[in-house]
Amino acid sequence: MIRTDRGVSTGVSYALVIAISLVLTTGLVFGASSLVEQNQRSVTNQQTQVVGQQLAATLVHADRLAATEPEPRNLAITRRFPTRVAGSQYRITLTPAPGTVPTINRTVITLRPVASDAVARTNVSTSLQVGPAGGTTVLGGDVRVIYDPATDRLEVRNV
Amino acid sequence: MAQLNDRGQLLLVGAFVLAVALIGLTVVINASTQTTTVAGNGGASVNGGDAVAAREAAERNVGSLLWTLNRGGVEPTGDLDKWFAKNVSYLGNGTRTYGARRGQFVNVTVAMYDNVVEPGTRVTGPVDESLPSLSPSVRARNATFLVTDVPRDEEDQMEFSVRSRSGTDYWQMYVNSSGTGGLDDVVVGTIGRVDFINREPRQCTFDDALPVRINPADATVVTKYGTPQETSRYCPALDRFGSGDSFDVYDISLGASNDFSGEYSLLVNESESSVAAPPGGSAVPVIYNATVRFRYRSPTVVYETDIRVAPDEIP
(Lines give C-alpha, C1' and ligand atoms only; values in the text may rest on other atoms or scores of the structure.)
Protein backbone atom coordinates (compact mmCIF):
# COMPACT_ATOMS: atom_id res chain seq x y z
CA MET A 1 0.00 0.00 0.00
CA ILE A 2 1.43 3.32 -1.07
CA ARG A 3 0.79 6.20 1.23
CA THR A 4 0.38 9.52 -0.49
CA ASP A 5 0.19 11.62 2.67
CA ARG A 6 3.70 10.88 3.94
CA GLY A 7 5.46 13.95 5.37
CA VAL A 8 2.35 16.04 4.97
CA SER A 9 1.47 17.99 8.05
CA THR A 10 -1.32 20.52 8.33
CA GLY A 11 0.80 22.83 10.40
CA VAL A 12 3.75 22.71 8.00
CA SER A 13 1.45 23.26 5.01
CA TYR A 14 -0.11 26.24 6.68
CA ALA A 15 3.25 27.74 7.58
CA LEU A 16 4.51 27.16 4.04
CA VAL A 17 1.48 28.84 2.54
CA ILE A 18 1.88 31.85 4.80
CA ALA A 19 5.59 32.11 4.09
CA ILE A 20 5.20 31.82 0.33
CA SER A 21 2.36 34.36 0.31
CA LEU A 22 4.41 36.75 2.40
CA VAL A 23 7.45 36.47 0.15
CA LEU A 24 5.40 36.92 -3.01
CA THR A 25 3.44 39.87 -1.64
CA THR A 26 6.56 41.58 -0.30
CA GLY A 27 8.34 41.10 -3.60
CA LEU A 28 5.38 42.51 -5.48
CA VAL A 29 5.07 45.52 -3.19
CA PHE A 30 8.77 46.33 -3.39
CA GLY A 31 8.84 45.79 -7.13
CA ALA A 32 5.74 47.84 -7.74
CA SER A 33 6.69 50.64 -5.35
CA SER A 34 9.75 51.60 -7.38
CA LEU A 35 7.62 51.49 -10.50
CA VAL A 36 4.93 53.63 -8.88
CA GLU A 37 7.55 56.06 -7.56
CA GLN A 38 9.09 56.43 -10.99
CA ASN A 39 5.66 56.87 -12.53
CA GLN A 40 4.69 59.39 -9.87
CA ARG A 41 7.75 61.50 -10.66
CA SER A 42 6.90 61.38 -14.33
CA VAL A 43 3.27 62.31 -13.61
CA THR A 44 4.39 65.20 -11.40
CA ASN A 45 6.61 66.57 -14.15
CA GLN A 46 3.91 66.23 -16.78
CA GLN A 47 1.15 67.72 -14.63
CA THR A 48 3.19 70.72 -13.58
CA GLN A 49 4.15 71.34 -17.19
CA VAL A 50 0.53 71.09 -18.30
CA VAL A 51 -0.62 73.47 -15.55
CA GLY A 52 2.17 75.91 -16.42
CA GLN A 53 1.26 75.89 -20.08
CA GLN A 54 -2.45 76.33 -19.34
CA LEU A 55 -1.67 79.29 -17.09
CA ALA A 56 0.54 80.74 -19.84
CA ALA A 57 -2.33 80.38 -22.33
CA THR A 58 -4.68 82.12 -19.90
CA LEU A 59 -2.22 84.99 -19.48
CA VAL A 60 -1.95 85.38 -23.24
CA HIS A 61 -5.76 85.44 -23.59
CA ALA A 62 -6.07 88.03 -20.81
CA ASP A 63 -3.35 90.08 -22.47
CA ARG A 64 -5.25 89.96 -25.74
CA LEU A 65 -8.51 90.98 -24.06
CA ALA A 66 -6.77 93.84 -22.26
CA ALA A 67 -5.21 95.14 -25.47
CA THR A 68 -8.36 96.96 -26.55
CA GLU A 69 -8.44 100.72 -26.86
CA PRO A 70 -9.79 102.01 -24.52
CA GLU A 71 -8.60 99.67 -21.79
CA PRO A 72 -11.15 97.23 -20.31
CA ARG A 73 -13.12 98.34 -17.30
CA ASN A 74 -13.20 94.86 -15.81
CA LEU A 75 -11.38 91.69 -16.78
CA ALA A 76 -11.00 88.47 -14.78
CA ILE A 77 -10.37 84.93 -16.00
CA THR A 78 -10.68 82.09 -13.51
CA ARG A 79 -8.93 78.77 -14.04
CA ARG A 80 -9.56 75.67 -11.97
CA PHE A 81 -6.25 73.87 -11.72
CA PRO A 82 -5.82 70.77 -9.51
CA THR A 83 -4.93 71.61 -5.92
CA ARG A 84 -2.43 68.74 -5.91
CA VAL A 85 -0.26 67.15 -8.54
CA ALA A 86 0.48 63.48 -7.92
CA GLY A 87 -0.61 63.87 -4.33
CA SER A 88 1.47 66.94 -3.55
CA GLN A 89 0.57 70.60 -3.15
CA TYR A 90 2.52 73.00 -5.36
CA ARG A 91 3.38 76.68 -5.69
CA ILE A 92 3.23 78.79 -8.83
CA THR A 93 5.77 81.59 -9.08
CA LEU A 94 5.67 84.23 -11.81
CA THR A 95 8.87 86.16 -12.29
CA PRO A 96 9.57 88.88 -14.87
CA ALA A 97 12.44 87.95 -17.14
CA PRO A 98 14.67 90.31 -19.11
CA GLY A 99 13.71 90.48 -22.76
CA THR A 100 15.31 91.80 -25.90
CA VAL A 101 12.22 93.63 -27.19
CA PRO A 102 11.11 96.57 -24.99
CA THR A 103 7.42 96.30 -25.91
CA ILE A 104 7.20 92.60 -24.99
CA ASN A 105 7.23 91.46 -21.37
CA ARG A 106 8.62 88.00 -20.74
CA THR A 107 7.52 86.09 -17.66
CA VAL A 108 8.81 82.80 -16.33
CA ILE A 109 6.16 80.58 -14.72
CA THR A 110 7.74 78.17 -12.24
CA LEU A 111 5.80 75.32 -10.61
CA ARG A 112 7.32 73.62 -7.56
CA PRO A 113 5.56 70.68 -5.87
CA VAL A 114 6.02 70.80 -2.08
CA ALA A 115 6.83 67.12 -1.69
CA SER A 116 9.07 66.80 -4.68
CA ASP A 117 12.18 68.41 -6.09
CA ALA A 118 10.65 68.49 -9.58
CA VAL A 119 10.50 71.98 -11.12
CA ALA A 120 8.63 72.92 -14.30
CA ARG A 121 9.25 76.23 -16.05
CA THR A 122 7.27 77.84 -18.84
CA ASN A 123 8.04 81.12 -20.59
CA VAL A 124 5.28 83.43 -21.76
CA SER A 125 5.44 86.74 -23.66
CA THR A 126 2.77 89.41 -23.20
CA SER A 127 2.38 93.05 -24.07
CA LEU A 128 1.43 93.84 -20.47
CA GLN A 129 3.62 93.24 -17.45
CA VAL A 130 2.54 90.28 -15.29
CA GLY A 131 2.59 91.01 -11.57
CA PRO A 132 4.99 93.28 -9.71
CA ALA A 133 8.69 93.48 -10.56
CA GLY A 134 9.58 91.27 -7.59
CA GLY A 135 7.41 88.42 -8.82
CA THR A 136 4.25 86.74 -7.55
CA THR A 137 3.71 83.40 -5.83
CA VAL A 138 0.35 81.67 -5.55
CA LEU A 139 -0.72 78.22 -4.40
CA GLY A 140 -1.93 75.65 -6.88
CA GLY A 141 -5.69 75.35 -7.22
CA ASP A 142 -8.21 77.91 -8.42
CA VAL A 143 -6.30 80.84 -9.90
CA ARG A 144 -7.65 84.13 -11.21
CA VAL A 145 -5.93 86.38 -13.75
CA ILE A 146 -7.04 89.99 -13.32
CA TYR A 147 -6.30 93.12 -15.29
CA ASP A 148 -5.52 96.08 -13.01
CA PRO A 149 -6.26 99.34 -14.88
CA ALA A 150 -4.49 101.41 -12.20
CA THR A 151 -1.12 99.79 -12.81
CA ASP A 152 -1.84 98.58 -16.35
CA ARG A 153 -0.68 95.10 -15.34
CA LEU A 154 -1.99 91.57 -15.20
CA GLU A 155 -2.20 90.15 -11.69
CA VAL A 156 -2.41 86.47 -10.73
CA ARG A 157 -4.20 85.65 -7.48
CA ASN A 158 -5.71 82.69 -5.66
CA VAL A 159 -9.49 82.57 -5.68
CA MET B 1 -9.54 13.64 -0.36
CA ALA B 2 -6.23 14.82 1.16
CA GLN B 3 -4.89 15.63 -2.39
CA LEU B 4 -7.94 17.74 -3.27
CA ASN B 5 -7.49 19.81 -0.06
CA ASP B 6 -3.86 20.57 -1.01
CA ARG B 7 -4.92 21.80 -4.51
CA GLY B 8 -7.46 24.11 -2.91
CA GLN B 9 -4.79 25.79 -0.85
CA LEU B 10 -2.61 26.45 -3.90
CA LEU B 11 -5.52 27.98 -5.76
CA LEU B 12 -6.16 30.27 -2.80
CA VAL B 13 -2.55 31.43 -2.76
CA GLY B 14 -2.65 32.08 -6.52
CA ALA B 15 -5.85 34.09 -6.24
CA PHE B 16 -4.39 36.18 -3.42
CA VAL B 17 -1.24 37.02 -5.38
CA LEU B 18 -3.29 37.84 -8.47
CA ALA B 19 -5.56 40.17 -6.48
CA VAL B 20 -2.62 42.09 -5.04
CA ALA B 21 -1.06 42.39 -8.50
CA LEU B 22 -4.29 43.76 -9.96
CA ILE B 23 -4.61 46.33 -7.17
CA GLY B 24 -1.03 47.52 -7.78
CA LEU B 25 -1.63 47.76 -11.51
CA THR B 26 -4.77 49.80 -10.94
CA VAL B 27 -2.87 52.29 -8.79
CA VAL B 28 -0.21 52.74 -11.47
CA ILE B 29 -2.73 53.19 -14.29
CA ASN B 30 -4.78 55.70 -12.29
CA ALA B 31 -1.70 57.78 -11.57
CA SER B 32 -0.88 57.84 -15.29
CA THR B 33 -4.33 58.77 -16.49
CA GLN B 34 -4.46 61.76 -14.12
CA THR B 35 -2.13 63.65 -16.48
CA THR B 36 -4.54 63.24 -19.35
CA THR B 37 -7.36 64.61 -17.21
CA VAL B 38 -5.41 67.76 -16.43
CA ALA B 39 -4.41 68.27 -20.04
CA GLY B 40 -7.98 67.96 -21.20
CA ASN B 41 -9.33 70.33 -18.57
CA GLY B 42 -10.20 73.68 -20.12
CA GLY B 43 -10.83 75.16 -23.50
CA ALA B 44 -11.40 78.35 -25.41
CA SER B 45 -14.39 79.32 -23.30
CA VAL B 46 -12.37 78.97 -20.09
CA ASN B 47 -9.35 80.78 -21.47
CA GLY B 48 -11.30 83.73 -22.81
CA GLY B 49 -11.10 82.91 -26.52
CA ASP B 50 -14.87 83.05 -26.77
CA ALA B 51 -14.87 86.50 -25.19
CA VAL B 52 -12.56 87.74 -27.93
CA ALA B 53 -14.83 86.25 -30.60
CA ALA B 54 -17.92 87.72 -28.92
CA ARG B 55 -16.32 91.16 -28.72
CA GLU B 56 -15.34 91.09 -32.37
CA ALA B 57 -18.83 89.92 -33.33
CA ALA B 58 -20.41 92.73 -31.31
CA GLU B 59 -18.09 95.31 -32.86
CA ARG B 60 -18.89 94.02 -36.33
CA ASN B 61 -22.63 94.01 -35.67
CA VAL B 62 -22.74 97.51 -34.20
CA GLY B 63 -20.54 98.78 -37.05
CA SER B 64 -22.87 97.20 -39.56
CA LEU B 65 -25.87 98.83 -37.88
CA LEU B 66 -24.19 102.24 -37.93
CA TRP B 67 -23.08 101.79 -41.54
CA THR B 68 -26.60 100.83 -42.63
CA LEU B 69 -28.15 103.69 -40.71
CA ASN B 70 -25.80 106.31 -42.14
CA ARG B 71 -26.37 105.18 -45.69
CA GLY B 72 -30.12 105.38 -45.48
CA GLY B 73 -30.64 101.61 -45.30
CA VAL B 74 -33.18 102.06 -42.53
CA GLU B 75 -35.61 104.85 -41.74
CA PRO B 76 -35.43 105.51 -38.03
CA THR B 77 -38.26 107.07 -36.13
CA GLY B 78 -37.34 109.95 -33.87
CA ASP B 79 -33.81 111.02 -33.06
CA LEU B 80 -30.99 109.08 -34.69
CA ASP B 81 -28.97 108.61 -31.52
CA LYS B 82 -31.92 107.31 -29.52
CA TRP B 83 -32.93 104.92 -32.26
CA PHE B 84 -29.35 103.68 -32.49
CA ALA B 85 -29.04 103.20 -28.70
CA LYS B 86 -32.27 101.21 -28.62
CA ASN B 87 -31.22 98.89 -31.43
CA VAL B 88 -27.69 98.34 -30.14
CA SER B 89 -29.06 96.57 -27.05
CA TYR B 90 -30.66 93.90 -29.26
CA LEU B 91 -27.31 92.91 -30.75
CA GLY B 92 -26.07 91.09 -27.64
CA ASN B 93 -28.85 88.52 -27.88
CA GLY B 94 -27.41 86.62 -30.83
CA THR B 95 -24.04 86.22 -29.15
CA ARG B 96 -25.63 85.12 -25.89
CA THR B 97 -27.64 82.43 -27.66
CA TYR B 98 -24.50 81.25 -29.39
CA GLY B 99 -22.73 80.87 -26.05
CA ALA B 100 -25.61 79.02 -24.46
CA ARG B 101 -25.83 76.61 -27.37
CA ARG B 102 -22.25 75.56 -26.78
CA GLY B 103 -23.14 74.24 -23.36
CA GLN B 104 -22.09 77.13 -21.21
CA PHE B 105 -24.24 79.96 -20.03
CA VAL B 106 -22.81 83.21 -21.27
CA ASN B 107 -24.33 86.58 -20.59
CA VAL B 108 -23.36 89.11 -23.23
CA THR B 109 -24.61 92.66 -23.04
CA VAL B 110 -24.06 95.38 -25.59
CA ALA B 111 -25.46 98.72 -24.54
CA MET B 112 -24.88 102.42 -24.86
CA TYR B 113 -24.24 104.61 -21.86
CA ASP B 114 -24.60 108.37 -21.93
CA ASN B 115 -25.50 108.11 -25.63
CA VAL B 116 -21.90 108.41 -26.75
CA VAL B 117 -22.34 109.21 -30.43
CA GLU B 118 -21.48 112.35 -32.32
CA PRO B 119 -23.81 114.03 -34.79
CA GLY B 120 -22.47 114.66 -38.27
CA THR B 121 -23.48 115.08 -41.86
CA ARG B 122 -22.98 112.98 -44.93
CA VAL B 123 -22.44 115.17 -47.96
CA THR B 124 -22.89 113.44 -51.29
CA GLY B 125 -22.99 114.68 -54.83
CA PRO B 126 -21.69 114.28 -58.35
CA VAL B 127 -18.05 114.83 -59.22
CA ASP B 128 -18.02 117.92 -61.49
CA GLU B 129 -17.02 121.57 -61.48
CA SER B 130 -19.52 122.41 -58.75
CA LEU B 131 -17.68 120.48 -56.04
CA PRO B 132 -17.94 122.06 -52.60
CA SER B 133 -15.15 123.59 -50.61
CA LEU B 134 -15.71 122.92 -46.94
CA SER B 135 -15.10 125.45 -44.22
CA PRO B 136 -11.77 125.09 -42.35
CA SER B 137 -13.69 124.32 -39.18
CA VAL B 138 -15.28 121.26 -40.74
CA ARG B 139 -13.37 118.06 -40.28
CA ALA B 140 -13.87 115.14 -42.62
CA ARG B 141 -14.25 111.78 -40.88
CA ASN B 142 -14.48 109.79 -44.04
CA ALA B 143 -14.23 110.33 -47.76
CA THR B 144 -15.15 108.00 -50.60
CA PHE B 145 -14.95 108.71 -54.30
CA LEU B 146 -16.58 106.70 -57.02
CA VAL B 147 -15.20 107.59 -60.44
CA THR B 148 -17.09 106.15 -63.38
CA ASP B 149 -15.28 107.94 -66.20
CA VAL B 150 -11.90 109.64 -66.50
CA PRO B 151 -11.30 111.59 -69.73
CA ARG B 152 -8.16 110.75 -71.67
CA ASP B 153 -5.68 113.57 -71.53
CA GLU B 154 -2.24 113.25 -73.10
CA GLU B 155 -0.79 116.09 -71.03
CA ASP B 156 -2.33 115.03 -67.72
CA GLN B 157 -3.89 118.44 -67.32
CA MET B 158 -7.38 117.27 -66.63
CA GLU B 159 -7.54 115.78 -63.22
CA PHE B 160 -9.83 115.44 -60.32
CA SER B 161 -8.16 116.46 -57.08
CA VAL B 162 -8.92 116.59 -53.39
CA ARG B 163 -6.89 119.03 -51.36
CA SER B 164 -6.63 118.96 -47.60
CA ARG B 165 -4.97 121.92 -45.96
CA SER B 166 -3.92 122.70 -42.41
CA GLY B 167 -2.01 125.96 -42.10
CA THR B 168 0.94 125.83 -44.44
CA ASP B 169 0.74 122.04 -44.72
CA TYR B 170 -1.31 120.47 -47.42
CA TRP B 171 -2.06 117.11 -48.87
CA GLN B 172 -3.47 116.50 -52.28
CA MET B 173 -4.90 113.42 -53.91
CA TYR B 174 -5.38 113.39 -57.65
CA VAL B 175 -7.02 111.03 -60.06
CA ASN B 176 -6.43 111.00 -63.79
CA SER B 177 -6.14 108.64 -66.65
CA SER B 178 -2.96 106.94 -67.63
CA GLY B 179 -1.12 108.81 -70.39
CA THR B 180 0.09 105.62 -72.02
CA GLY B 181 -2.55 103.10 -71.13
CA GLY B 182 -6.03 102.49 -72.31
CA LEU B 183 -9.06 104.62 -71.69
CA ASP B 184 -10.04 102.77 -68.55
CA ASP B 185 -6.64 103.03 -66.89
CA VAL B 186 -6.70 105.13 -63.73
CA VAL B 187 -3.85 106.78 -61.86
CA VAL B 188 -4.27 107.66 -58.18
CA GLY B 189 -1.50 109.70 -56.61
CA THR B 190 -0.65 112.03 -53.76
CA ILE B 191 1.61 115.00 -53.26
CA GLY B 192 1.93 117.10 -50.14
CA ARG B 193 3.89 118.89 -47.51
CA VAL B 194 3.71 118.18 -43.80
CA ASP B 195 5.70 120.06 -41.15
CA PHE B 196 7.30 122.12 -43.93
CA ILE B 197 8.71 118.96 -45.47
CA ASN B 198 7.82 118.11 -49.02
CA ARG B 199 6.80 114.49 -49.23
CA GLU B 200 7.82 112.49 -52.22
CA PRO B 201 4.97 112.10 -54.71
CA ARG B 202 3.57 108.61 -54.97
CA GLN B 203 1.09 107.13 -57.36
CA CYS B 204 -0.63 103.87 -58.18
CA THR B 205 -1.78 102.82 -61.63
CA PHE B 206 -4.76 100.54 -62.13
CA ASP B 207 -5.23 98.95 -65.53
CA ASP B 208 -8.71 98.68 -66.97
CA ALA B 209 -10.11 99.80 -63.61
CA LEU B 210 -13.30 101.77 -64.21
CA PRO B 211 -15.57 102.23 -62.41
CA VAL B 212 -13.21 102.74 -59.50
CA ARG B 213 -14.00 103.40 -55.86
CA ILE B 214 -11.30 105.21 -53.87
CA ASN B 215 -11.22 104.85 -50.07
CA PRO B 216 -8.52 107.14 -48.65
CA ALA B 217 -9.32 106.03 -45.07
CA ASP B 218 -7.92 102.54 -45.51
CA ALA B 219 -5.79 103.32 -48.58
CA THR B 220 -7.65 100.94 -50.85
CA VAL B 221 -8.96 101.21 -54.38
CA VAL B 222 -11.76 98.97 -55.58
CA THR B 223 -11.43 98.41 -59.30
CA LYS B 224 -14.40 97.50 -61.52
CA TYR B 225 -16.61 98.54 -58.64
CA GLY B 226 -20.07 96.99 -58.65
CA THR B 227 -19.20 94.31 -61.23
CA PRO B 228 -18.46 90.60 -60.68
CA GLN B 229 -14.77 91.37 -61.34
CA GLU B 230 -14.66 93.83 -58.42
CA THR B 231 -11.29 93.71 -56.66
CA SER B 232 -10.03 95.67 -53.68
CA ARG B 233 -6.35 96.62 -53.88
CA TYR B 234 -4.04 98.44 -51.52
CA CYS B 235 -2.62 101.71 -52.83
CA PRO B 236 0.53 102.85 -50.97
CA ALA B 237 0.11 106.39 -52.32
CA LEU B 238 -3.06 106.78 -50.28
CA ASP B 239 -1.59 105.36 -47.12
CA ARG B 240 -0.19 108.67 -45.93
CA PHE B 241 -3.39 110.45 -46.82
CA GLY B 242 -5.44 108.63 -44.24
CA SER B 243 -3.34 107.64 -41.28
CA GLY B 244 0.30 108.40 -41.95
CA ASP B 245 -0.02 112.19 -41.77
CA SER B 246 -2.93 113.62 -39.89
CA PHE B 247 -4.25 117.14 -40.00
CA ASP B 248 -5.92 118.88 -37.13
CA VAL B 249 -8.13 120.85 -39.44
CA TYR B 250 -9.31 119.77 -42.82
CA ASP B 251 -9.89 122.39 -45.41
CA ILE B 252 -11.10 120.17 -48.16
CA SER B 253 -11.58 121.38 -51.65
CA LEU B 254 -12.34 119.32 -54.68
CA GLY B 255 -11.77 120.21 -58.28
CA ALA B 256 -12.60 118.46 -61.49
CA SER B 257 -13.42 119.19 -65.08
CA ASN B 258 -16.83 118.64 -66.56
CA ASP B 259 -15.54 115.60 -68.39
CA PHE B 260 -15.24 113.67 -65.17
CA SER B 261 -18.17 111.67 -63.96
CA GLY B 262 -18.70 110.01 -60.66
CA GLU B 263 -19.84 110.59 -57.12
CA TYR B 264 -18.29 111.55 -53.84
CA SER B 265 -19.34 110.99 -50.25
CA LEU B 266 -17.93 112.93 -47.32
CA LEU B 267 -18.72 112.30 -43.67
CA VAL B 268 -18.07 115.54 -41.78
CA ASN B 269 -18.26 116.39 -38.11
CA GLU B 270 -20.63 119.35 -38.36
CA SER B 271 -24.36 118.99 -38.00
CA GLU B 272 -26.65 119.26 -40.96
CA SER B 273 -27.63 122.85 -40.17
CA SER B 274 -24.10 124.18 -40.68
CA VAL B 275 -23.24 122.25 -43.83
CA ALA B 276 -25.08 123.30 -46.94
CA ALA B 277 -26.08 120.71 -49.48
CA PRO B 278 -23.95 121.04 -52.61
CA PRO B 279 -25.63 121.71 -55.98
CA GLY B 280 -27.04 118.47 -57.32
CA GLY B 281 -26.17 116.67 -54.11
CA SER B 282 -27.47 116.20 -50.60
CA ALA B 283 -26.51 116.69 -46.98
CA VAL B 284 -28.17 114.28 -44.58
CA PRO B 285 -27.73 113.94 -40.81
CA VAL B 286 -25.73 110.94 -39.59
CA ILE B 287 -24.08 109.80 -36.40
CA TYR B 288 -20.51 108.61 -36.12
CA ASN B 289 -17.83 107.64 -33.62
CA ALA B 290 -20.17 105.58 -31.43
CA THR B 291 -18.93 104.08 -28.16
CA VAL B 292 -20.77 101.05 -26.76
CA ARG B 293 -20.25 99.10 -23.55
CA PHE B 294 -19.57 95.39 -24.04
CA ARG B 295 -20.04 92.96 -21.13
CA TYR B 296 -19.23 89.24 -21.23
CA ARG B 297 -19.89 87.04 -18.23
CA SER B 298 -19.40 83.29 -18.13
CA PRO B 299 -18.63 81.02 -15.17
CA THR B 300 -14.92 81.59 -15.70
CA VAL B 301 -14.55 84.87 -17.61
CA VAL B 302 -15.66 88.37 -16.65
CA TYR B 303 -14.87 90.96 -19.31
CA GLU B 304 -16.18 94.48 -19.67
CA THR B 305 -14.88 97.07 -22.07
CA ASP B 306 -15.88 100.01 -24.23
CA ILE B 307 -15.85 99.55 -27.97
CA ARG B 308 -15.45 102.48 -30.32
CA VAL B 309 -17.31 101.83 -33.53
CA ALA B 310 -16.35 104.02 -36.46
CA PRO B 311 -16.75 102.07 -39.70
CA ASP B 312 -14.83 103.52 -42.65
CA GLU B 313 -13.73 106.55 -40.68
CA ILE B 314 -10.31 108.12 -41.00
CA PRO B 315 -8.34 107.29 -37.83
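Data overview
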{"read-out": "Cα gyration tensor category, rounded, prolate or oblate, for region B:182-237 with a/c compared to 1.5", "value": "prolate"}
{"read-out": "Computed helical MRE - 222 nm, chain A, DSSP H runs ≥ 4 contributing -39500 (n - 2.57), nearest 500", "value": "-13500 deg cm²/dmol"}
{"read-out": "Where region A:27-159 is the region considered: accessible area per residue in Å², 1.4 Å probe", "value": "50 Å²"}
{"read-out": "Exercise: per-residue mean of other protein chain Cβ atoms within 10 Å, A:67-77", "value": "6"}
{"read-out": "Number of partner chain Cβ atoms within 10 Å, mean per residue of A:84-93", "value": "1"}
{"read-out": "Solvent-accessible area, 1.4 Å probe, carbon plus sulfur percent, for region A:7-58", "value": "67 percent"}
{"read-out": "Convex hull volume per residue for region A:1-151, taking Cα atoms only, in Å³", "value": "152 Å³"}
{"read-out": "Cα gyration tensor category, rounded, prolate or oblate, for region A:51-121 with a/c compared to 1.5", "value": "oblate"}
{"read-out": "Mean Cα-pair separation over length for region A:17-159, i.e. relative contact order, pairs under 8 Å, 6 or more apart, %", "value": "25 percent"}
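The values are calculated or read from the model by the stated rules, or taken from the named source; none is laboratory data. This is a predicted model, so every value here is computed, not measured. Here Cβ is always computed from backbone atoms with ideal geometry, including for glycine, and neighbour counts include all displayed protein chains. Only protein heavy atoms, including side chains, enter the accessible area calculation; ligands, DNA and RNA are left aside. Shrake-Rupley method; radii C 1.70, N 1.55, O 1.52, S 1.80 Å.
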